[in-house]
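Here the structure comes first, spelled out in structure tokens, and everything after it is commentary.
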Amino acid sequence: MVYLPTSGTGNIREYIMVARIFICLILSFISCSAYSKVILITGASGDIGLALAKHFANNRDTVICHYANNKEELQKLSNQYPKQIHLVQADFNSPNDLNQFWDLIVKTNKNIDIVINSAGIEKEDTSLSQTQKTMNINYLSQRIVCDYAVENFKQLKKRKALLLILVAVLPIVDYPKVTIPMLTQRLP
């Protein structure tokens, strides 16, 4: 996992530049393969997810793009690459949606090579209900998708598989300082 802490005092442009360099390195490593891959991207309607989906579609890989609400840009990409891009909607705030999402993914695309887990929300509202939603989407769903992906890789006896977790952690005063390290240590 790559953790780019934002404390509010650092330069966010520096963090974005480091993240872009890291992603370029990962993409060049992944793209070296001679065979077409099946890639699942959660949060594909966001800036990073959309850029990754475009990159892999250009490489003629099959890309399963998850989105929650914002389908417009992904639909344009799907129209541009109808054989490569497949759209799947799910609300990661709902455990039932998350379980149904993974069941659908495994039934239709068992041979997933790469899972890029980039789903997340950014809200400064610190109400209890918004905090719960943020925790469900940014942390709990990350863990569940990771568990499902690792189990799927094991069942398929994948010798080459990649699980990439992109997490942006924004400071919110009301979150306990111990929450983030406790949850990230449990990720596989």
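Checking the condition of a type in the set (A, V, I, L, M), modelled with pLDDT under 90 and either in contact with a helix residue (DSSP H, G or I) (Cβ under 9 Å, 6 or more places away or on another chain) or part of a loop (DSSP other than H, G, I, E, B) (or both), which residue from 116, 64 passes? Steps first, please.
Working: 64 fails: modelled with pLDDT under 90.
Every option except 116 fails the conditions.
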Flag for residue 124 being more than 23 Å from residue 52 (Cα to Cα), at pLDDT below 75 and of a type in the set (Asp, Glu): yes
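Just to be sure, is residue 56 free of Cβ contacts under 8 Å to residues at least 60 places away in the same chain, part of a helix (DSSP H, G or I) and among the aromatic types (Phe, Trp, Tyr)?
On the way: free of Cβ contacts under 8 Å to residues at least 60 places away in the same chain: yes; part of a helix (DSSP H, G or I): yes; among the aromatic types (Phe, Trp, Tyr): yes.
In short, yes.
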Only one of 133, 154 that is in a helix (DSSP H, G or I) and farther than 16 Å from residue 92 by Cβ: 154
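The values are calculated or read from the model by the stated rules, or taken from the named source; none is laboratory data. Since this is a predicted model, take the numbers as computed values, not measurements. Here the Cβ is made from the backbone with ideal geometry for all residues, glycine too, and neighbour counts use every protein chain on show.
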